[in-house]
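A short write-up of the structure that comes next.
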Amino acid sequence: MRTEYPCKILVIEDDAGICRFLRATLTAAHYDVIVTDTGKKALEIISSHCPDCILLDLGLPDLDGNDIIQSIRGWTKTPIIVISARSTEEDKARALDLGADDYLTKPFGSIELMARIRTALRHTRTTMENDSIALSGVYTVRGLTVDYKKHRVFMNGTDTGLTPNEYRIVALLGQHAGQVLTYKQIMKEIWGPYASSDNKILRVHMANIRRKIEPNSDEPRYIFTEVGVGYRMADEESNE
Ligand code: CA
């Protein structure tokens, strides 16, 4: 997919082989690519070149990627996609809680990477300029409609009967469709900053939501679980 202007992608990665792969893949997809191998240089480039999206390796020679996320989030909302060999649930949740938009575990393929980049870029565009939910008042995917004016969720036109908190969870995920929201982020949003760190109440709500909106709760089509990390709402492009 070509965009109106070439989006600028900053790659922060110290592995030369992965850098070559990313440069070739992103250039072929008509992105402008800037590559750097240290965190310090990356922070300079971000302030001088204002990239549209950042691909960030966590294990860098000078700084830890998580410190870079924290530092960047102090002053810009530029989407950050972590690309890392660290694959535990704690690693993912930590980076997302610090403000990363997405997390790809190495090794990953170019098709998946491109889909994640498009989601990240679309999300910035929709939140900053042309919020399609704000315009239409609804989020729709595969027959599921979140109606932000009526505060209801419909399946093929039929009210799914969600409780107010169930609706708020689905509404929040719909606003971030395609992106993982961590348990912590959702809990904070629904139950406030002093929400318990125990996710049990959220899991119970999700089980009820799925019973109401998913044809088969064991194979969700609308809200996916990122095990140990959080939930992600399907968007038009997701092919799960
Ligand atoms: Ca590395």
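Computed from the coordinates by the stated procedures, all read-outs in this text should not be read as laboratory data. Keep in mind it's a predicted model, so treat the numbers as computed, not measured. Cβ atoms come from the backbone with ideal geometry, glycine included; neighbour counts cover every protein chain shown.
Peptides 179-191, 200-212, 43-55, 153-165 ranked from most to least packed, by the mean per-residue count of other Cβ atoms within 10 Å: 179-191, 43-55, 200-212, 153-165. Close amide H pairs (under 5 Å, H built 1.01 Å from N) link Y103 with V82, residues at least 5 positions away or on another chain.
For the stretch 76-87, the Karplus equation 6.51 cos²θ - 1.76 cosθ + 1.60, evaluated at θ = phi - 60°, returns couplings of 8, 9, 3, x, 10, 10, 7, 10, 8, 7, 6, 10 Hz by residue, with Gly and Pro reported as x. Pairwise alpha-carbon distances in the chain exceed 26 Å for 41% of all pairs.
Sparsely packed loop sites in the stretch 16-123 (the trypsin sites (Lys or Arg not before Pro) outside DSSP H, G, I, E and B with at most 14 other Cβ atoms within 10 Å) comprise K77. Amide H to amide H, with H built 1.01 Å from N, V11 comes under 5 Å of I34, V35, T36, L55, counting only residues 5 or more places away or on other chains. Using a Debye calculation, one point per C-alpha and no hydration shell, please list log10 I(q)/I(0) for the stretch 144-240 at q = 0.19, 0.20 Å⁻¹ in order. With one equal scatterer per Cα and no solvent, log10 I(q)/I(0) is -0.90, -1.00. Secondary structure note: in the chain, about 55% of the DSSP beta bridges are antiparallel. Mind checking which aspartates and glutamates have their Cα closer than 15 Å to the Cα of K188? Skip sequence neighbours fewer than 8 apart in that chain. Those aspartates and glutamates meeting the cut-off are D97, E166, D198.
Taking 26 Å as the cut-off for C-alpha to C-alpha distance, list the pairs among K41/K92; K149/K212; K77/K212 that go past it. Mind showing how you got there, number by number?
Values: K41/K92 24 Å; K149/K212 20 Å; K77/K212 34 Å.
Beyond 26 Å between Cα atoms: K77/K212.
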